[in-house]
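Inspection log for the structure reproduced underneath, given as structure tokens.
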């Protein structure tokens with residue numbers, strides 16, 4: 001019996017980009033097509049099969065521990081970017097300002113996709129959702145360039161809307177305009193919340 005259930009839910013890739021050197025700048029560089037290998041998007045500084053652990057997994061590992069790289073991509077929703085922009089009182093928030101790898105339109109409640117969901121591109125290339133991406137202060141400087149004084153508002157405005165991190169499960173290519181189908185784990189939500197103790 002299959003462990004993943006394809007949903008009758010298809011989105012579309014609106015934008016692709018990569019961060020060349022995150023120590024120099026978080027902003028991503030737009031591209032029309034993206035080669036996806038098991039190490040992540042070609043040219044992406046967040047790529048690689050492994051990565052040093054960061055603050056997101058500090059409860060599990062000391063900072064800098066070499067771990068599997070499950071955050072090769074930062075994927076955001078066009079609809080949620082619009083919500084963030086509205087909360088920040090700016091007309092629009094370009095995805096390159098927040099270091100996005102991919103923008104998808106048409107998948108509701110995108111940032112809350114269940115971990116291990118698959119995003120399957122029409123040609124078969126498949127991305128596995130790791131978890132929700134937590135907003136941080138790093139995009140503030142980039143945002144302040146076109147929107148002076150608005151960067152500080154990003155972290156609060158993006159809470160619960162920052163998209164997801166993902167890794168490449170099946171290699172292939174992604175192109176602007178490609179359709180993306182959602183597959184979710186075929187199981188009920190976990191009943192244990194930790195509040196029972």
Contact order normalised by residue count of segment 4-185, Cα under 8 Å, 6+ apart, percent
33 percent
Can you work out the PRE-style zone for residue 70? Point 7 Å along Cα to Cβ, and I want the residues of segment 107-150 with backbone N under 16 Å.
112-119, 127-134
Kirkwood Rh in Å, taken over segment 106-184 so that all alpha-carbon pairs contribute:
14.1 Å
Say we join alpha carbon atoms closer than 10 Å with springs in a Gaussian network model of the chain; which of 136, 175, 54 then has the biggest fluctuation?
54
If I stretch the segment between residue 3 and residue 22 completely, what's the gain in nm (0.36 nm per residue apart, minus their alpha carbon distance), one decimal?
3.2 nm
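Please list 161-167, 29-35, 126-132, 183-189 highest first by mean number of surrounding beta-carbon atoms within 10 Å per residue.
Answer by packing, highest mean first, reads 161-167, 126-132, 29-35, 183-189.
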Given the peptides 55-62, 13-20, 36-43, 139-146, arrange them by the average over their residues of other C-beta atoms within 10 Å, most packed first.
13-20, 36-43, 139-146, 55-62
At 7 Å along Cα-to-Cβ for each site, give me the label-to-label distance between residue 91 and residue 122 in nm.
3.1 nm
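Only the coordinates and a few stated rules stand behind these numbers; no lab work does. The structure displayed is predicted, hence computed values, not measured ones. Heads up, the Cβs are rebuilt from the backbone with ideal geometry, glycines too, and the neighbour counts pull from every protein chain shown.
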